[in-house]
Amino acid sequence: MNYLRLLIGAGLAVLVTSGLFYIMPLLIEMADKELDESPATKIADITMPETEIEARVDEAKPEKPDDPEEPPPDLAQPDIEPVDANPDALNMSPQISADVSIGLGGLGGSDGEYLPIVKVAPMYPRRANTRGIEGYCTVEYTVTKSGSVRDPVPVDCQPKGYFERASVNAALKFKYKPRVIDGEAIDVSGVQNRFTYELEQ
């Protein structure tokens with residue numbers, strides 16, 4: 001039974017294939033054979049004009065400047081004045097001045113062997129500046145063996161409550177040449193410095 005089906009299927013396949021091979025040439029022959037025989041449009045030839053490229057070799061070169069006959073004179077060095085080791089400090093705030101005066105107390109008053117090297121002006125307190133308040137503040141502290149300031153304390157400030165902090169902060173930045181006895185540096189207590197706060201008119 002199966003062989004019979006295979007034979008029938010094979011026969012049908014052969015018939016269909018043969019029919020396709022016969023029909024395809026017929027379809028090709030029945031197609032439109034007319035071709036577009038209109039003359040083709042000719043594109044104009046593009047020609048480039050002949051140009052000569054000239055290489056400009058002989059160009060004028062800038063003339064070399066003449067050597068100076070004499071070298072320029074050496075510039076004079078500006079004269080720099082030596083900085084005083086003990087200047088009156090000035091406040092750098094605009095329209096504000098502060099006078100810094102130093103007083104010698106304790107052991108250093110009579111000996112005078114320690115000297116201030118760096119004095120920093122205090123910053124004018126903003127609250128006093130905006131209110132137009134002037135005054136002064138005296139700070140007492142100890143000059144150490146290394147020349148720094150230790151334990152600054154405001155002892156006399158007028159008006160009170162305005163200039164104490166600024167004066168203490170400025171005193172902490174002072175530098176001194178320490179007092180020396182028998183070749184050894186010693187601490188000097190009771191040193192006082194008075195800061196005067198004045199507004200520029």
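Does segment 145-183 hold any residues that are small (G, A, S) and surrounded by 14 or more Cβ atoms within 10 Å (Cβ to Cβ), and which are they? Step through it out loud before you land on a result.
Keep residues of segment 145-183 that are small (G, A, S), which gives 146-148, 161, 166-167, 170-171, 183.
If the condition is that a residue be small (G, A, S) and surrounded by 14 or more Cβ atoms within 10 Å (Cβ to Cβ), then G147, S148, A166, S167, A170, A171 are the ones that fit.
What is the residue count in segment 170-201 for residues that are within 21 Å of P122 (Cβ to Cβ), of a type in the set (D, E) and in a strand (DSSP E or B)?
1
Can you tell me which residues in segment 151-184 are among the basic types (K, R) and farther than 15 Å from V118 by Cα? Talk me through it step by step, then tell me what you get.
Taking segment 151-184 and keeping what is among the basic types (K, R), we get 160, 165, 173, 175, 177, 179.
K160, R165, R179, listed by residue number.
Quickly run through segment 124-169 and pick out the residues that are in contact (Cβ under 8 Å) with a residue 24 or more places away in the chain and in a helix (DSSP H, G or I).
R127, A128, N129, E164, R165, A166, S167, V168, N169
Does S189 satisfy the criteria of being surrounded by 14 or more Cβ atoms within 10 Å (Cβ to Cβ) and of a type in the set (S, T, N, Q)? First the steps, then the outcome.
Details: surrounded by 14 or more Cβ atoms within 10 Å (Cβ to Cβ): yes; of a type in the set (S, T, N, Q): yes.
Answer is yes for this residue.
The numbers here are math on the coordinates, done by the rules we state, and not lab data. Bear in mind that the values here come from a model prediction, so they are computed numbers and not experimental data. Cβ coordinates were reconstructed from backbone atoms using ideal geometry, including for glycine residues, and neighbour counts include every protein chain displayed.
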